[in-house]
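Q: Got a structure here, written out as structure tokens. Questions coming.
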Amino acid sequence: MNILSRTITGVIFVVAGLVLAVIAPWAKFITLIYGIPLLILGFFILLNKKEDKIEQIKSERREKNVKR
């Protein structure tokens, strides 16, 4: 997942989690149960830098194999 797609996905999850957490007091309790994990997952997606390093290593290996 590149930086742009990771950012878009993370922001969507964070916004959806915030919306569900904010409307939880007026809606059913289940919205809070869905909102908090979405919020956590969104922050995890935004802050996960390790995946980019793995993809960079993979692309470097592919380039080396193509040059041979």
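Q: Using θ = phi - 60° and the Karplus relation 6.51 cos²θ - 1.76 cosθ + 1.60, list the HN-Hα couplings for region 41-50 in order, rounded to whole Hz, with x at every Gly or Pro.
A: 5, x, 5, 5, 5, 5, 9, 7, 9, 5
Q: Suppose the chain between Lys28 and Lys49 were pulled fully straight at 0.36 nm per residue; how much longer would it get relative to their current alpha carbon spacing?
A: Value of the extension gain: 4.0 nm.
Q: Then there is this: What's the extension gain from Ile36 to Ala16 if we count 0.36 nm per residue and subtract their Cα-Cα distance?
A: Result: 6.2 nm gained on full extension.
Q: Evaluate the relative contact order of region 1-54 (contact order divided by residue number), counting alpha-carbon pairs under 8 angstrom at least 6 apart; express in whole percent.
A: Answer for region 1-54 is 47 percent.
Bear in mind these aren't lab numbers, they're just calculated from the coordinates by the rules spelled out. Everything numeric here is computed off the predicted structure, so don't read it as measured data.
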